[in-house]
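The values are calculated or read from the model by the stated rules, or taken from the named source; none is laboratory data. Everything numeric in this text was worked out from a predicted model, so none of it was measured. Cβ placement follows ideal geometry from the backbone for every residue including glycine, while neighbour counts extend to all protein chains displayed.
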Amino acid sequence: MRITAVTCVKNEGPFLLEWIGFNHVIGVTDHLFYSNDCTDATDRMLDKLMEHGVVQHLPNPAKGRSLQMEALTDSREQKITQQADWQWIADVDEFLNIHVDGHTIPDLIEACGDPRAISITFQFMANGGVVDFEDRPVIEQFTKCHNPDLWCGDTAIEVKTLMRKDFPLRRFGAHRPFVLRDLPRGQRKPAWTDGAGRQVPPVFMKAGNKRRIHRFPAKGARRFATLNHYALRSLDSYMVKNDRGDVNRDYRYFDDVYWRERNDASWEDDSILGYLPKLRAEMDALMALPGIRDLHEEAVHHHATRAAELKEIETFQDLRTMVQNASLYAPQEAALRELIGLPA
């Protein structure tokens, strides 16, 4: 089975090898990267990995402001995706944590009954009080998260989607594909499950329903798989992320509201740590490729240096203070805890 992961990156150099290695462990066979405006060796590392046959790397072809959507449109023309049995569109801070025996994407597909799409629900992994950037696996450092069935008081939580090659695709979305408006005669809506093998809600399949385009109720949706989203990482890395801006949209930046919503430490989920031995072996193999270690270390140095520089800039000093003083819980959960007399 060929499984192609497609993603967009900008200044993600310190985290590339972990993400690629992790995807190899869960069964991803091919990677298609689009990069734009990198200053930390990300693009050069991807070029070197492409020389070694590990990934395919292209400059982002976007001419507008929606960088990810234009890249995803371009990806449909690439051989690496056309030959794939399944596609996985995700970001470098998103890790597909598979719970069924075998813990790989083919195992997940089998558990879900081989549908044409599987939408896996997010679980936002909190900062957990980690201040300093460290060059070690992100999945090892952050295990705190929100209530699996609630995020910021909302029961409908975002998803990302695995898509089979015969999905009746009209267009890609960042979170889910959109079905052809007029399906061929006799063809029914595709079998499309959540991360528990249940058919997704009908309203989710309707692109016109704004509330369900990106998300559906999360309760019970993670039986077979969870999408761990490390949107914050360390405080140092969050400042660098804020400085960089959104890799997918050139008009979006991250602030204390984004932090407060995702930095909910109500629960702990360390189930992904079972992947660590195989992940470390994959990362060691990638690091051993000629030229890769030097580029990785250059990216790590750039990231740490930029984090130190941002500490001297007043705007980022203010942001650090705001997020460090923020509650360890999402706003609605903090209010509820205060109401019942618990620390918020």
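Among (1) in a loop (DSSP other than H, G, I, E, B); (2) at pLDDT 95 or above, which single condition is Ile118 missing?
With (1) in a loop (DSSP other than H, G, I, E, B); (2) at pLDDT 95 or above applied to Ile118, the lone miss is (1).
Considering only residues of region 155-165 that are within 16 Å of Leu227 (Cβ to Cβ) and charged (D, E, K, R), which is surrounded by the fewest Cβ atoms within 10 Å (Cβ to Cβ)?
Here is the first cut: in region 155-165, the residues within 16 Å of Leu227 (Cβ to Cβ) are 156-163.
Imposing the further condition that a residue be charged (D, E, K, R) reduces the set to 158, 160.
Numbers: Glu158: 20, Lys160: 22.
Among those residues, the one meeting the criterion is Glu158.
Would you call Glu268 closer than 29 Å to Pro148 by Cα, charged (D, E, K, R) and surrounded by fewer than 16 Cβ atoms within 10 Å (Cβ to Cβ)?
Numbers: closer than 29 Å to Pro148 by Cα: yes; charged (D, E, K, R): yes; surrounded by fewer than 16 Cβ atoms within 10 Å (Cβ to Cβ): yes.
Yes: the conditions hold for Glu268.
Would you point out the residue of region 287-344, among those that are among the small types (Gly, Ala, Ser) and out of contact with any helix residue (DSSP H, G or I) (no Cβ under 9 Å at 6 or more places or on another chain), that is nearest to Asp43 (Cα to Cα)?
At the first step, the residues of region 287-344 found to be among the small types (Gly, Ala, Ser) are 288, 291, 299, 304, 307-308, 326-327, 330, 334-335, 341, 344.
Subsequent filtering for residues that are out of contact with any helix residue (DSSP H, G or I) (no Cβ under 9 Å at 6 or more places or on another chain) retains 288, 335, 341.
Details: Ala288: 19, Ala335: 43, Gly341: 50 Å.
Residue satisfying both the conditions and the ranking: Ala288.
Every residue in region 3-51 that is touching a helix residue (DSSP H, G or I) at 6+ places or on another chain (Cβ under 8 Å) and free of Cβ contacts under 8 Å to residues at least 60 places away in the same chain, please.
Within region 3-51, Asp30, His31, Leu32, Phe33, Tyr34, Ser35, Cys38, Leu46 meet the criteria.
Among Ile139, Ile98, Ile118, Ile109, which is on the phi < 0 side of the Ramachandran plot and in contact with a Pro (Cβ under 9 Å, 6 or more places away or on another chain)?
Working: Ile139 fails: in contact with a Pro (Cβ under 9 Å, 6 or more places away or on another chain); Ile98 fails: in contact with a Pro (Cβ under 9 Å, 6 or more places away or on another chain); Ile118 fails: in contact with a Pro (Cβ under 9 Å, 6 or more places away or on another chain).
Among Ile139, Ile98, Ile118, Ile109, only Ile109 is on the phi < 0 side of the Ramachandran plot and in contact with a Pro (Cβ under 9 Å, 6 or more places away or on another chain).
Quick check on region 254-298: of everything there that is farther than 21 Å from Leu232 by Cα and of a type in the set (D, E, K, R), which residue is farthest from the chain's Cα centre (by Cα)?
Here the answer is Asp294.
Can you find a residue in region 173-185 that is under 16 Å from Phe216 (Cα atoms) and aliphatic (A, V, I, L, M)?
Looking for residues that are under 16 Å from Phe216 (Cα atoms) and aliphatic (A, V, I, L, M), one finds at least one in region 173-185, hence yes.
Of the conditions (1) surrounded by 22 or more Cβ atoms within 10 Å (Cβ to Cβ); (2) assigned to a helix (DSSP H, G or I); (3) modelled with pLDDT of 95 or more, Thr7 clears all except one; give me its number.
The failed condition is (2).
Determine, yes or no, whether Lys48 is modelled with pLDDT of 95 or more and not hydrophobic (A, V, I, L, M, F, W, C).
Numbers: modelled with pLDDT of 95 or more: yes; not hydrophobic (A, V, I, L, M, F, W, C): yes.
Yes, satisfied.
Are any residues in region 57-80 of a type outside the set (A, V, I, L, M) and either closer than 24 Å to Thr226 by Cα or in a strand (DSSP E or B) (or both), and if so, which ones? Talk me through it step by step, then tell me what you get.
Keep residues of region 57-80 that are of a type outside the set (A, V, I, L, M), which gives 57, 59-61, 63-66, 68, 70, 73-79.
Selection gives His57, Pro59, Ser66, Gln68.
With Lys63, Lys79 as the choices, which residue is out of contact with any Phe, Trp or Tyr (no Cβ under 8 Å at 6 or more places or on another chain), among the basic types (Lys, Arg) and either buried (at least 22 other Cβ atoms within 10 Å of the Cβ) or modelled with pLDDT under 95 (or both)?
Values: Lys79 fails: either buried (at least 22 other Cβ atoms within 10 Å of the Cβ) or modelled with pLDDT under 95 (or both).
Checking each option against the conditions leaves just Lys63.
If you take the residues of region 264-307 that are of a type in the set (Asp, Glu) and free of Cβ contacts under 8 Å to residues at least 40 places away in the same chain, which of them is farthest from Gly13 (Cα to Cα)? If you could, list the steps in order and put the result at the bottom.
So in region 264-307, the residues of a type in the set (Asp, Glu) come out as 264, 268-270, 282, 284, 294, 297-298.
From the residues that got through so far, the ones that are free of Cβ contacts under 8 Å to residues at least 40 places away in the same chain too are 284, 294, 297.
Working: Asp284: 16, Asp294: 11, Glu297: 9 Å.
For region 264-307, the residue satisfying everything is Asp284.
Looking at (1) within 19 Å of Thr104 (Cβ to Cβ); (2) not in a helix (DSSP H, G or I), can you tell me which one His24 breaks?
Only one criterion is unmet by His24, namely (2).
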